[in-house]
Amino acid sequence: MTAPLVEGATGPWEVVIGLEVHAQVVSNAKLFSGAATAFGAEPNSQVSFVDAAMPGMLPVINRHCVEQAVKTGLALEARINLVSVFDRKNYFYPDLPAGYQISQYKNPIVGTGTIRLDMKDGSTRTIGITRLHLEQDAGKSLHDVAPGASHVDLNRAGVALMEIVSEPDLRSAEEAGAYLKKLRAILRYIGTCDGNMEEGSLRCDANVSVRRPGGALGTRCEIKNVNSIRFLQRAIEYETQRQIELIEGGGTVVQETRLYDANKGETRAMRSKEEAHDYRYFPDPDLMPLRLDPAWVARLKAGVPELPDAKKDRFMAAYGLSAYDAGVLVGDQVAADYFETVAKGRDAKLAANWVMVELFGALNRLGKEIDASPVSAVQLCGLLDLMADGTISGRLAKDVFAAMVETGKDAAIVVEEKGLRQVTDTGAIEAAIDAIMAREAAKVAEYRAGKDKLFGFFVGQVMRAMGGKANPAQLNDLLKHKLAG
Amino acid sequence: MAALTDLTISEARAGLRARSFSARELADAHVGAMERARELNAFITETADAARAGAGASDARLARGEAGPLEGIPLAIKDLFCTKGVTTTAGSHILHGFASPYESTVTANLWRAGAVMLGKTNLDEFAMGSSNMTSYHGPVVSPWRRKGSNARLVPGGSSGGSAAAVAARLCLGATGTDTGGSIRQPAAFSGIVGLKPTYGRCSRLGIVAFASSLDQAGPLARSVRDCAILLGAMAGHDPLDSTSVDRPVPDYEAALVRPLKGLRVGVPKEYRVDGMPAEIDALWRQGVAWLTDQGATVREVSLPHTRHALPTYYIVAPAEASSNLARYDGVRYGLRVAGDGVDGLYEATRAAGFGAEVQRRVLIGTYVLSAGYYDAYYLRAQRVRTLIARDFARAYEQVDVLLTPTAPSAAFAIGEKMDDPVAMYLNDVFTVPASLAGLPAISVPAGLSADGLPLGLQIIGRAFDEETVIAAGAALERAAGFSHRPDGIAP
Amino acid sequence: MSLDKATVARIARLARLRIEAQDQERMVGELNGILTWIEQLRAVDVEGVEPMTSVVAMDLVLREDVVTIPGDRDAVLANAPAKEHGFFVVPKVVE
């Protein structure tokens, strides 16, 4: 696929984007201390003396966090570095208690990997991962508790983060969104990050530059403070336009950090004077190099679950789904599992349709995620089974489903309570047909005179008279027979 | 019987067990000595009440027959070790008012063994110094005087308060820390024994960090046996220090009686530096004779990179220090001086809180790590460090321990050498190489200079072979029979 | 290599150390004295020599993923020069 270009006043531009994602590692305790990591605790209530950088305190690394990073690396099909080093990144900030962040600089735990993107037009793009490293999160500074002061909460200080850096391979806001979505799906599949952008468990910085197609790379700006995929895309679109207009207006892009303002939908340069950063990285003398046992890595590799790409291929092969449908379903592991529960032993395409149209539609209206769905997969199975055995018709099924969404009740109960059981009694259907034919004698005559189109009218009338419960196939047969006279 | 303050730890231990005196009497004697010797400025914080209370508890345990290995032994603690509820200053203004809500692992080990804390001793600010003159709390005065002179002398540093307190009989033993010689050099200047264990032997948790890859805690006492006893209690694996080693702690006291026959001793020729005073050289030769007399074989060895050790140290240690001291920012503890905004607060606090030597080292350390200079300075120094460690490894293919002087001179006067930082750094010329290689080393008082000041000899051993170091140190001690005591303090 | 005033000022800024104008000259001199002395390391042949990464050969110890700290906010804040509502307080930070 050729790179999508942005048309400027003076010709086309190519956008070059690289993403740095900070993913909070799912763990009980922090990366280098035994303090808890739970979100939303009282300020400074989950802070050890290590996290507060009290004199003489020392870091000891959390085995599980190392395991999570390696698992993530394996899921990104990346090189696992059997020896990695923790470095100190030195800078002063009130929410960085030690005056340095323990991170990995020259020797990260995970090296190069890849992520496959499935684009809407059916094409695929392979995006390079430069590296993944482990580091400590900083604390949080609140700037609006009292005038003239900032308030520092160290609960988050020391929580394990994976920084996942992409190559500058992304060429549009859409691709950047797809990348982040895919990365989040992978992290959730393997349970190494909960992917919650609102709570800050997944944060994304974007490096954006523009250039003439095939030309030399332009000066990039780093956009921070983006806390949803939608905002990421908007921020990139805004920044792209800004840079193009700037250059076309005779200006030059200055390398800087910009904050995205979601309310205004624009990026702005940070107000603080930007100093040339000089982080003075050096290996943390409190920690030895981290050596991984290849056998341990191999065991972790064997334990990596089926990932989105493999699942998508399998859904297409085993269930006959289209690439698009399969792609949508595997985008979220809960959705994929939901679908598989419903599809197993049933009509897979029908199951996919119900999950993607009816269920997703209902969730969308309710503003709920699938893991909070009012209708469980097993309940949807019940509904589909009632359709399959003829207890209810397809048209009624939608009404039943709506009631299930509203009440959370099983399909069978809704059907019983509302008396929606399908009528298959030939006599009852015939009686209804006879009554309609008697009432609409003129139309019967027209039909018999050759106006075939009226057939649908009769079906509708009978169905309505029977409260929609007539078995449609039976109704069709009997009606055709009787109208034929 | 000798005065209670004149006892060694082993003698006091025997006396307490025999109920010849109580732990309370022992504590009272030392508290009295500590209070009478305030002119030495050896202590920053005295904890007399805690000492008496601790001694009372020790007497109860002694009575119940539950005595720990250091039961009732009054010790002084270098004020770099965090002690719960008692202020810890690191000799700096920047930790103003700081009382840690935790106890260092080493002191916790000592208290578990039954020891009693007399107070926190003075030190060079953040342990950066060889004279104890960089302390915010003022210099420590050595109890020693030159013959016929009243000039006040330094006790050495950075564990100068601990060394002076032990030498002046204000405590039976003390803790120190050694980064480039901070236990051994003040021990030599003060006529006592100081032992720096192998890096990783004692936990660093709760010790205010100076240079993390070099800092190591160790004992100062008046005999090799006492140092062995103290180290046995201080050492051990700490799962909360990633650089602490998980290996059993041997019975160091048992090593004292090891025969010297067959011990191979190396004399590194590169330590015979230009301008070494003749009396130091003579003492070194005497040390060779003492060990040979007791059955050791002595040969010359080469440590070719020795002369690069000091500059290497003065890159690595300040680099680590510049990062370790970044946490003193006036936000979470200690001194805070208002300034313009957060950065102004940092700059004002750190300018007011750190003394001149600390500021110099923080700046040097920042520079050698900064962009464009890292490879030329820090990385290069760490490579040279590898070469220095290799020198030792090669030497230990031929010998079991090395014998050297501890310091290139005897103690100097307070105020001397202050105008030239580099001249001061040269004090550590014999102690720094072993620090860079992480090796255990002991300084044993071996004689007096022409003007009557103590001189020490150093034994450097293989990593985690403190036992051989102790055995050789004890042999020097036996032969030297050093029984001089300082007279700069009234008994 | 020799440091000038501007370089010392830049390092001091990185280290967040305010150096008063009257002390700058002295500091430049002292630091140059030390740097000149440590420059001698340039003469050492370190070709192919690995930098020392750990003083004692041992593997990095790993801790289990267990919460061991009860979260004692009072202890964490006990020494704070300025605190309010359970937070550390600093002059307002501009982003």
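The values are calculated or read from the model by the stated rules, or taken from the named source; none is laboratory data. Owing to the predicted nature of the structure, the values given are computational and were not obtained by experimental measurement. As a convention, Cβ positions derive from the backbone with ideal geometry for all residues, glycine included, and neighbour counts pool all protein chains shown. These accessible areas exclude ligands, DNA and RNA; they are computed on the full protein's heavy atoms, side chains included. Shrake-Rupley method; radii C 1.70, N 1.55, O 1.52, S 1.80 Å.
Things to note:
- With Cα atoms, 0 to 90° folded angle of helix C:5-14 axis to chain C main axis: 20
- Relative contact order for the stretch B:307-382, counting Cα pairs under 8 Å that sit 6 or more residues apart, in percent: 40
- For the stretch B:1-100, the fraction of C-alpha pairs more than 21 angstrom apart is 40%.
- Entries in A:LYS89/B:LYS269; A:LYS349/A:LYS482; A:LYS71/A:LYS368; A:LYS181/A:LYS349; B:LYS196/B:LYS261 that, when Cα-Cα distance is taken, lie over 32 Å: A:LYS89/B:LYS269; A:LYS349/A:LYS482
- Nearest-ten-degree value, helix A:454-465 long axis tilted from longest Cα axis of chain A: 80
- For the stretch A:426-483, a Kirkwood hydrodynamic radius built from all Cα pairs, placed in the Stokes-Einstein relation at 37 °C and 0.692 mPa s, yields a translational diffusion coefficient of 295 µm²/s.
- Average Cα contact separation per residue, chain B, under 8 Å, 6 or more apart, as relative contact order %: 18
- Probe 1.4 Å, accessible area per residue of the protein assembly as shown, Å²: 37
- In the B-C interface, the accessible area buried, summed over both sides, Å² (probe 1.4 Å): 5000
- Computed E for A:ALA310/A:PHE39 - FRET, C-beta separation, R0 35 angstrom, nearest 0.05: 0.65
- Stokes-Einstein D (µm²/s) once Rh is taken as the Kirkwood radius of the protein assembly as shown over alpha-carbon pairs, at 25 °C in 0.890 mPa s: 74
- Per residue, the convex hull spanned by the Cα atoms of the stretch A:173-267 amounts to 102 cubic angstrom.
- Centre-to-centre, using Cα atoms only, the stretch B:24-69 and the stretch A:307-379 are separated by 74 Å.
- Here each label is just a point 7 Å from Cα along the line to Cβ, and for A:GLU248 and A:THR341 those points are 5.2 nm apart.
- Over the stretch B:299-418, the hull volume per residue, using the convex hull of the C-alpha atoms, is 160 Å³.
- Ligands, DNA and RNA excluded, the heavy atoms of B:CYS171 present near 0 Å² of accessible surface to a 1.4 Å solvent probe.
- In this rough spin-label picture, where each label sits 7 Å from Cα along the Cβ direction, the A:MET119-A:GLN255 distance is 2.9 nm.
- Solvent-accessible area of the stretch A:426-483 (1.4 angstrom probe, protein heavy atoms only): carbon and sulfur portion equals 55 percent.
- Buried accessible surface for the A/B chain pair comes to about 2800 Å², total over both chains, computed with a 1.4 Å probe.
- For chain A, the percent of C-alpha pairs falling in each 20 Å distance bin, counted from 0 to the bin holding the largest distance, reads 19, 41, 25, 12, 2, 0.
- Gain upon complete extension [A:GLU446, A:ASN263; 0.36 nm per residue less C-alpha separation]: 59.6 nm
- Filtered trypsin sites (Lys or Arg not before Pro), the stretch B:1-90: DSSP coil and at most 13 other beta carbons within 10 Å: B:ARG19
- Computed Rg/Rh of chain B, alpha carbon atoms with Kirkwood Rh: 0.95
- Protein accessible area in the stretch B:307-382, 1.4 Å probe - carbon and sulfur %: 47
- Cα-Cα separations in the stretch A:69-120 greater than 18 Å, expressed as whole percent: 50
- Placing +1 on the Cβ of every Lys and Arg and -1 on the Cβ of every Asp and Glu, with nothing else charged, gives the protein assembly as shown a dipole about its Cα centre of roughly 520 debye.
- Distant alpha-carbon pairs in the stretch A:123-189 (separation over 18 angstrom), percent: 58
- Rel. contact order, % - alpha carbon contacts under 8 angstrom, at least six apart, the stretch A:304-418: 19
- Relative to the globular-protein estimate of 2.2 N^0.38 Å, the Cα radius of gyration of the stretch A:304-418 stands at 1.05.
- Unsatisfied cross-links (Cα-Cα over 32 Å) in the set A:LYS106/C:LYS83; A:LYS409/A:LYS443; A:LYS344/A:LYS418: A:LYS106/C:LYS83; A:LYS409/A:LYS443
- The shape of chain C can be summarised by an equivalent ellipsoid whose semi-axes, obtained from the alpha carbon gyration tensor, come to 39, 30, 11 Å from longest to shortest.
- Peptide A:84-97 is shielded by partner chain Cβ atoms: per residue, an average of 5 of them sit within 10 Å of its Cβ.
- In this label model, B:HIS484 and A:ASN476 are separated by 11.7 nm, measuring between points 7 Å along each Cα→Cβ vector.
- Local electrostatic count at A:THR252 - Lys and Arg +1, Asp and Glu -1, tallied over other residues with Cβ under 14 Å: 0
- Shown here is the pair-distance distribution of the stretch B:229-332: with all Cα-Cα distances grouped in 10 Å bins from zero up to the longest one, the shares run 11, 21, 28, 29, 9, 2 percent.
- Distance from the stretch B:138-183 to the stretch C:38-95 (C-alpha centre basis), Å: 31
- Of the trypsin sites (Lys or Arg not before Pro) found in the stretch A:404-485, the ones in coil according to DSSP and having at most 15 other Cβ atoms within 10 Å of their Cβ are A:ARG421, A:LYS451, A:LYS453.
- Partner chain coverage, peptide B:336-345 - average Cβ within 10 angstrom: 5
- Calculated FRET value between B:VAL257 and B:ARG390, using beta carbons and R₀ = 35 Å, to 0.05: 0.55
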